[in-house]
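S.K.: Shown below is the structure under consideration.
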Amino acid sequence: MTLRWIDCLPRYLLALMYTLLLAACGGGGGSNGGCSVIDPNRDPKLPGCGTSNPTTPTGKPTLTMTALDASGATLTTLAPGGSATLTAVLQDANAAAVPNTTVTFTSTDKNAVFSSAGGATVTDGSGKATIKLSPGAASAAGGYVVTASASVASTPLTVSANYSVSAAPAASASQLVFVSALPQNIALKGTGGAGRQETATVTFKVMDTSGNVVSGQQVNFALNTTVGGLTLTPASAVSSPAGLVTTSIASGTINTPVRVTATLSGSTISTVSDQLVVSTGVAEQNSFSLSAAILNVEGGQFNGCTAPTGTNITARLADHFHNPVPDGTAVSFTAEGGSIDASCLTGLTQTTLTDGTVITQKGTPGECTVRFCAGNPRPADGRVTVLAYALGEESFVDANGNNRYDAGEAYTDLGEPFRNDRAVTDANANGIDDAFVTGNTTRASGEQYIDTNGNGSWDLSGDGRYNGVLQTAPASGAANSVHVRQSLVMVLSNSTSAITLLNGGGSGSNTLALDHCTDGTAFTNNTHSFYFAIRDNNPTVFATNRRAQHAGDALWQADRPGNPLPAGTRIAFTASNGLLQSPSNVVVANGNGADSSNWVYTVAMISDASQTTALTCGNINTSGVLNITITTPNGTVTQASFPVTD
């Protein structure tokens, strides 16, 4: 059979079309990407071709930031004390929000403050991270860059914005504050020396209404007095970066208090300094005193530094003008017995902690205190002389009122000080250190002394010259200072009492005889006074307590030995017959008197008998006792009883 080409042509064309279609769709095991290679513009969703992968990213992750000031406008400038809101938006490559991712904000202003620690915050569900930015207190005016940083799928992202911080407005001075005046005591002009300045520095501070310091402000100074030639330099000053201004006062020739007034230039704002004192600052003999909180401590048998066994001794010193000496003036001490602190500094208090640390604090001007402790050695008479001394000047009478010693004016010519350990036992002594005036008392061998002139021996008499800083024309050899001194006597009272009736009657010398009531005879009930010597049992008889000193006195039948009982000792009187007319309880006073008048107590009594108008007597008891019970502060008890008849 013969085929014609024209009959076969449609079949060949159809076969060729199917072959080409299969090749384009990846038939025969070819790649499904063949579709895009043959016709890159063909829709891959058409039949016979694979679809595209929907998870393949079509972009990149992004981090954007907006910065708005307090008004909501785009941030350009931050004022000191102001703040801005920074918002960062984090999206992935498909522009979807990235939550729970840390965004960190930083600024080239190292003093900038962010509202969260380290400037780090976490994005919310919409991919936003918000934080507050503020200038720090130390931020300087100028331009800065704030940057937000984050990371998405290990891709680091940053975005930055520029901003500036404006300068703080100039502070306005609104107050002046006094800071210090050092030292507070300055020496009279021409009397200064080691440890005594003739000038003082006064400091003030300039501040605004918030208490911040203000620099660059002029402050003017003025004295409230110029008596004696007081001067002030400079008269004005400009406040430093710390807001401080200072001026200096130079002393004059007259002792006086003085203050400095500081005024802010061009305003009425002012303040006044604390008071300064212009004086010699040198302790004067007549202005030196010494006292003890307790003079008669219970130290005969007990040891200790605190009451009632020990006590505090205070020295008070002033200069010729009776102004307190400057803080830090040293006072030295020595004691005949027990123990005493070696020295103290006026105007300061020192406390020693258990670890040995010494804490020094401001005290009372012109005075200082040491501890006196009961303990060995104990003088046999129970009395301890304490000597205090310091460098100072002799006292004089300023007859012409020129605040200086002039030749011919009366003065106290001091001999060298010594510790008069016989201050009471010596018949010529009066209970205090009486070696203040030349030739008044002679030192006994062994008594401690202060060798003021350094000649190796004790000198009874002074040098015949006024020694002090207030000399108009110093005499040849005269010194600016001498040792001024003061002393007192402490009593180490025994705890055991001695009780003696000095006047009695009736059948025995120790009997208290009251008036007796007799029937038929008018009864006169008189008050009877009985005298009891109640003291400690020290056997020493002091000069004024010897019977020979009181000839003809009926109450003096014998010598009276002893010291006062400890201060605070309680003496109780009770009677089983008769009626007490004097106090039934007495407390021993604080005192060191050696004379027995300090420890003789009077007991007044009347009979407890009664009588009717018919002259009939009634008396339940015609005999009984007066009981005396003595209790010391440390608890030692002594008792005695005396018969009472009526």
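S.K.: How do the pairs read when you match residues in the stretch 108-124 that are under 16 Å from T147 (Cβ atoms) and not assigned by TED's automatic domain parsing to the domain that holds G142 with residues anywhere that are surrounded by fewer than 14 Cβ atoms within 10 Å (Cβ to Cβ) and at pLDDT below 95, using Cβ under 7 Å and keeping only pairs 6 or more apart or on different chains?
M.R.: If the second residue must be surrounded by fewer than 14 Cβ atoms within 10 Å (Cβ to Cβ) and at pLDDT below 95, no pairs are left.
Table: residues versus (1) touching an Asp or Glu at 6+ places or on another chain (Cβ under 6 Å); (2) over 30 Å from L290 (Cα atoms).
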residue: P566; (1), (2): yes, no
residue: N577; (1), (2): no, yes
residue: G593; (1), (2): no, no
residue: T602; (1), (2): no, yes
residue: G618; (1), (2): no, yes
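S.K.: Another one. I need the full set of residues from the stretch 288-298 which are over 27 Å from the mean Cα position of the chain (by Cα) and either modelled with pLDDT under 95 or assigned to a loop (DSSP other than H, G, I, E, B) (or both), in order please.
M.R.: Just the residues of the stretch 288-298 that are over 27 Å from the mean Cα position of the chain (by Cα), to begin with: 295-298.
Those that are over 27 Å from the mean Cα position of the chain (by Cα) and either modelled with pLDDT under 95 or assigned to a loop (DSSP other than H, G, I, E, B) (or both): L295, E298.
S.K.: Right, another one. Mind checking whether some residue in the stretch 315-336 is surrounded by fewer than 23 Cβ atoms within 10 Å (Cβ to Cβ), within 23 Å of P633 (Cα to Cα) and either within 19 Å of the chain's Cα centre (by Cα) or not assigned by TED's automatic domain parsing to the domain that holds Q184 (or both)?
M.R.: No, that holds for no residue.
S.K.: As an exercise: evaluate M605 against (1) out of contact with any Gly (no Cβ under 7 Å at 6 or more places or on another chain); (2) at pLDDT 95 or above; (3) over 18 Å from G299 (Cβ atoms) and give the number of the one condition it does not meet.
M.R.: (1)
S.K.: Considering only residues that are of a type in the set (D, E, K, R) and farther than 26 Å from W458 by Cβ, which ones fall in the stretch 468-525?
M.R.: Scanning the stretch 468-525 gives D515, D519.
S.K.: Okay, next question. Can you name the residue in the stretch 67-76 that is surrounded by 15 or more Cβ atoms within 10 Å (Cβ to Cβ) and in a strand (DSSP E or B) and, of all such residues, is modelled with the lowest pLDDT?
M.R.: This residue is D69.
S.K.: If you don't mind, there's one more thing I want to ask. Condition first: among the charged types (D, E, K, R), surrounded by 12 or more Cβ atoms within 10 Å (Cβ to Cβ) and free of Cβ contacts under 8 Å to residues at least 24 places away in the same chain. Now tell me which residues in the stretch 549-565 satisfy that.
M.R.: Scanning the stretch 549-565 gives a single hit, D559.
S.K.: Being over 30 Å from L488 (Cβ atoms), aliphatic (A, V, I, L, M) and touching a residue at least 12 places away in the same chain (Cβ under 8 Å) is the requirement here; does L615 meet it?
M.R.: It is true that L615 is over 30 Å from L488 (Cβ atoms), aliphatic (A, V, I, L, M) and touching a residue at least 12 places away in the same chain (Cβ under 8 Å).
S.K.: Right, another one. In the stretch 77-101, what residues are more than 18 Å from T158 (Cα to Cα) and either surrounded by 13 or more Cβ atoms within 10 Å (Cβ to Cβ) or touching a helix residue (DSSP H, G or I) at 6+ places or on another chain (Cβ under 6 Å) (or both)?
M.R.: T77, L78, A79, P80, G82, S83, A84
S.K.: Is it the case that S457 is in a loop (DSSP other than H, G, I, E, B) and either at negative phi or modelled with pLDDT of 80 or more (or both)?
M.R.: Judged against the criteria, S457 is a match.
S.K.: Next question. Of Q350, Q285, which residue is surrounded by fewer than 18 Cβ atoms within 10 Å (Cβ to Cβ) and not assigned by TED's automatic domain parsing to the domain that holds P566? Give the steps one after another, and end with the answer.
M.R.: On the way: Q285 fails: surrounded by fewer than 18 Cβ atoms within 10 Å (Cβ to Cβ).
Going through Q350, Q285 in turn, the sole match is Q350.
Yes or no, residue by residue, for (1) surrounded by 15 or more Cβ atoms within 10 Å (Cβ to Cβ); (2) part of a loop (DSSP other than H, G, I, E, B); (3) modelled with pLDDT under 85:
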{"site": "Q361", "(1), (2), (3)": "no, no, no"}
{"site": "V370", "(1), (2), (3)": "yes, no, no"}
{"site": "R378", "(1), (2), (3)": "yes, yes, no"}
{"site": "D381", "(1), (2), (3)": "yes, yes, no"}
{"site": "V384", "(1), (2), (3)": "yes, no, no"}
{"site": "L387", "(1), (2), (3)": "yes, no, no"}
{"site": "R422", "(1), (2), (3)": "yes, yes, yes"}
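S.K.: Here is a list of conditions, (1) over 30 Å from M490 (Cα atoms); (2) surrounded by 20 or more Cβ atoms within 10 Å (Cβ to Cβ); (3) in contact (Cβ under 8 Å) with a residue 40 or more places away in the chain; (4) not β-branched (V, I, T), and D608 meets all of them except one; can you say which number that is?
M.R.: The single condition D608 does not satisfy is (3).
S.K.: Same structure again: Run I534 past the list (1) crowded, with 21+ Cβ neighbours inside 10 Å; (2) within 42 Å of the chain's Cα centre (by Cα); (3) outside any loop (DSSP other than H, G, I, E, B) and report the number of the one that doesn't hold.
M.R.: (2)
The values are calculated or read from the model by the stated rules, or taken from the named source; none is laboratory data. What you are looking at is a predicted structure, and each value in this text was computed from that prediction instead of being measured. When we count neighbours, we look across all protein chains shown, and the Cβ atoms used for this are built from the backbone with ideal geometry, even at glycine.
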